[in-house]
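What follows is a short report on a single structure.
The values are calculated or read from the model by the stated rules, or taken from the named source; none is laboratory data. Just so we're clear, the structure is a prediction, and the values are computed from it rather than from any experiment. Cβ atoms come from the backbone with ideal geometry, glycine included; neighbour counts cover every protein chain shown. Note: areas computed on protein heavy atoms with side chains; ligands, DNA, RNA excluded. Shrake-Rupley method; radii C 1.70, N 1.55, O 1.52, S 1.80 Å.
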Amino acid sequence: MTITMHPGMKEFNRIFKECNHIYHEIALKLGMSDSGFDILYTICELGDGCLQKNICEATLLSKQTIHSSVRKLEKDGYLFLKSGKGRDMQIFLTEAGKALVEEKISLAIQAENLAFTDMTEEEQREFLRLNKKYADSLRKYAAQI
(Lines give C-alpha, C1' and ligand atoms only; values in the text may rest on other atoms or scores of the structure.)
Protein backbone atom coordinates (compact mmCIF):
# COMPACT_ATOMS: atom_id res chain seq x y z
CA MET A 1 0.00 0.00 0.00
CA THR A 2 1.40 3.39 -0.96
CA ILE A 3 -0.26 6.44 0.46
CA THR A 4 1.45 9.70 -0.31
CA MET A 5 0.86 12.65 1.95
CA HIS A 6 1.67 16.09 0.63
CA PRO A 7 4.70 17.49 2.53
CA GLY A 8 2.73 20.66 3.29
CA MET A 9 0.00 18.54 4.91
CA LYS A 10 2.59 16.81 7.08
CA GLU A 11 3.78 20.19 8.33
CA PHE A 12 0.22 21.50 8.78
CA ASN A 13 -0.70 18.38 10.80
CA ARG A 14 2.39 18.82 12.96
CA ILE A 15 1.52 22.46 13.64
CA PHE A 16 -2.13 21.62 14.32
CA LYS A 17 -1.13 18.91 16.81
CA GLU A 18 1.38 21.26 18.42
CA CYS A 19 -1.37 23.85 18.96
CA ASN A 20 -3.65 21.19 20.47
CA HIS A 21 -0.82 20.15 22.76
CA ILE A 22 -0.25 23.77 23.81
CA TYR A 23 -3.93 24.06 24.82
CA HIS A 24 -3.65 20.78 26.73
CA GLU A 25 -0.58 22.12 28.54
CA ILE A 26 -2.43 25.35 29.37
CA ALA A 27 -5.32 23.37 30.87
CA LEU A 28 -2.86 21.28 32.92
CA LYS A 29 -1.03 24.40 34.16
CA LEU A 30 -4.38 25.83 35.22
CA GLY A 31 -5.27 22.60 37.03
CA MET A 32 -8.17 21.84 34.71
CA SER A 33 -9.30 19.08 32.40
CA ASP A 34 -9.27 19.84 28.69
CA SER A 35 -13.08 19.70 28.50
CA GLY A 36 -13.54 21.83 31.63
CA PHE A 37 -11.19 24.41 30.16
CA ASP A 38 -13.04 24.29 26.82
CA ILE A 39 -16.41 24.81 28.50
CA LEU A 40 -15.31 27.80 30.58
CA TYR A 41 -13.43 29.27 27.62
CA THR A 42 -16.53 28.90 25.43
CA ILE A 43 -18.74 30.55 28.05
CA CYS A 44 -16.36 33.53 27.82
CA GLU A 45 -16.92 33.55 24.07
CA LEU A 46 -20.68 32.90 23.99
CA GLY A 47 -21.64 34.66 27.21
CA ASP A 48 -23.19 33.65 30.50
CA GLY A 49 -26.51 31.90 30.02
CA CYS A 50 -25.49 30.15 26.81
CA LEU A 51 -27.03 26.81 26.01
CA GLN A 52 -25.30 23.48 26.51
CA LYS A 53 -25.99 22.64 22.84
CA ASN A 54 -24.20 25.87 21.80
CA ILE A 55 -21.14 24.77 23.77
CA CYS A 56 -21.26 21.42 21.93
CA GLU A 57 -21.41 23.24 18.58
CA ALA A 58 -18.61 25.67 19.48
CA THR A 59 -16.21 23.10 20.93
CA LEU A 60 -17.06 20.22 18.59
CA LEU A 61 -16.97 17.94 21.63
CA SER A 62 -19.55 15.21 22.07
CA LYS A 63 -22.79 15.85 23.98
CA GLN A 64 -21.74 13.21 26.51
CA THR A 65 -18.36 14.88 27.17
CA ILE A 66 -19.95 18.30 27.55
CA HIS A 67 -22.74 16.93 29.75
CA SER A 68 -20.37 15.13 32.13
CA SER A 69 -17.94 18.07 32.29
CA VAL A 70 -20.77 20.55 32.91
CA ARG A 71 -22.04 18.31 35.71
CA LYS A 72 -18.56 18.20 37.27
CA LEU A 73 -18.17 21.99 37.03
CA GLU A 74 -21.64 22.32 38.56
CA LYS A 75 -20.75 19.90 41.38
CA ASP A 76 -17.52 21.85 41.99
CA GLY A 77 -19.57 25.05 42.38
CA TYR A 78 -18.48 26.86 39.20
CA LEU A 79 -21.70 26.60 37.18
CA PHE A 80 -25.43 26.38 37.65
CA LEU A 81 -28.07 25.42 35.13
CA LYS A 82 -31.50 26.82 34.40
CA SER A 83 -34.14 25.35 32.17
CA GLY A 84 -34.59 27.18 28.90
CA LYS A 85 -37.10 26.54 26.15
CA GLY A 86 -38.08 22.90 25.82
CA ARG A 87 -35.20 20.70 26.89
CA ASP A 88 -32.59 23.44 26.52
CA MET A 89 -30.38 24.07 29.51
CA GLN A 90 -28.81 27.48 30.03
CA ILE A 91 -25.45 27.54 31.76
CA PHE A 92 -24.44 30.32 34.13
CA LEU A 93 -21.25 30.97 36.05
CA THR A 94 -21.48 31.13 39.83
CA GLU A 95 -19.42 33.74 41.65
CA ALA A 96 -16.72 31.09 42.09
CA GLY A 97 -16.96 30.34 38.36
CA LYS A 98 -16.58 34.02 37.49
CA ALA A 99 -13.52 34.21 39.73
CA LEU A 100 -12.05 31.08 38.11
CA VAL A 101 -12.58 32.53 34.63
CA GLU A 102 -11.04 35.86 35.68
CA GLU A 103 -8.09 34.15 37.36
CA LYS A 104 -7.34 31.34 34.90
CA ILE A 105 -9.19 31.38 31.58
CA SER A 106 -8.35 35.04 31.03
CA LEU A 107 -4.63 34.10 31.04
CA ALA A 108 -5.15 31.77 28.08
CA ILE A 109 -7.17 34.38 26.21
CA GLN A 110 -4.46 36.97 26.86
CA ALA A 111 -1.82 34.57 25.51
CA GLU A 112 -3.90 33.95 22.38
CA ASN A 113 -4.47 37.67 21.84
CA LEU A 114 -0.75 38.37 22.19
CA ALA A 115 0.16 35.54 19.78
CA PHE A 116 -2.41 36.75 17.24
CA THR A 117 -1.32 40.37 17.47
CA ASP A 118 2.31 39.31 16.92
CA MET A 119 1.13 39.13 13.32
CA THR A 120 0.45 42.26 11.31
CA GLU A 121 -3.18 43.05 10.50
CA GLU A 122 -2.55 41.85 6.96
CA GLU A 123 -1.06 38.58 8.26
CA GLN A 124 -4.03 38.14 10.60
CA ARG A 125 -6.53 38.53 7.72
CA GLU A 126 -4.51 36.18 5.52
CA PHE A 127 -4.17 33.61 8.33
CA LEU A 128 -7.93 33.61 8.88
CA ARG A 129 -8.73 33.61 5.17
CA LEU A 130 -6.45 30.67 4.40
CA ASN A 131 -7.59 28.62 7.40
CA LYS A 132 -11.23 29.15 6.43
CA LYS A 133 -10.50 28.24 2.82
CA TYR A 134 -8.77 25.05 3.93
CA ALA A 135 -11.63 24.10 6.30
CA ASP A 136 -14.22 24.72 3.58
CA SER A 137 -12.30 22.62 1.06
CA LEU A 138 -11.68 19.85 3.58
CA ARG A 139 -15.39 19.78 4.45
CA LYS A 140 -16.24 19.52 0.72
CA TYR A 141 -13.83 16.62 0.07
CA ALA A 142 -14.63 14.87 3.36
CA ALA A 143 -18.31 14.81 2.37
CA GLN A 144 -17.30 12.67 -0.63
CA ILE A 145 -15.78 9.94 1.57
Global size of the stretch 1-63 as Cα Rg and Dmax, reported in angstrom: 15.7, 51
Residues of type aspartates and glutamates that residue 17 reaches as a straight line, Cα spacing below 17 Å, ignoring anything fewer than 8 places off in the same chain: 25, 34, 38, 112
Positive-pole candidate from 106, 86, 116, dipole of the stretch 74-118, charges at beta carbon: 86
Long-range amide H partners of residue 61 with built H, under 5 Å: none
Karplus 3J(HN,Hα) series, Hz, for the stretch 42-49 with 6.51 cos²θ - 1.76 cosθ + 1.60 (x for Gly, Pro): 5, 4, 4, 6, 8, x, 4, x
Degrees separating the helix 7-29 axis from the principal Cα axis of the chain, which is the longest one: 20 degrees
Semi-axis lengths, Å, the stretch 54-145, gyration tensor of Cα atoms, sqrt of 5 times eigenvalues: 31, 23, 10
Spacing of the two label points (7 Å from each Cα toward its C-beta) at residue 6 and residue 141, in nm: 0.5 nm
Trypsin sites (Lys or Arg not before Pro) restricted to the stretch 56-142 and DSSP loop, no more than 10 other C-beta within 10 Å: 85, 87
Reachable lysines, given that their alpha-carbon falls under 24 Å from the alpha-carbon of residue 10 and they are not under 8 places away in the same chain: 132, 133, 140
Inverse of mean 1/r across different Cα pairs in the stretch 1-110, Kirkwood, Å: 15.2 Å
Separation of alpha-carbon centers, the stretch 5-58 and the stretch 64-88, rounded to whole Å: 19 Å
Portion, in percent, of the accessible area of the stretch 76-123 that falls on carbon or sulfur, probe 1.4 Å: 52 percent
Per residue value of the accessible surface for the chain (all protein chains in place, 1.4 Å probe), Å²: 73 Å²
Relative contact order of the stretch 53-145, defined on C-alpha pairs under 8 angstrom at six or more residues apart (%): 13 percent
Over the chain: helical MRE at 222 nm, DSSP H runs n ≥ 4 each giving -39500 (n - 2.57), nearest 500: -21500 deg cm²/dmol
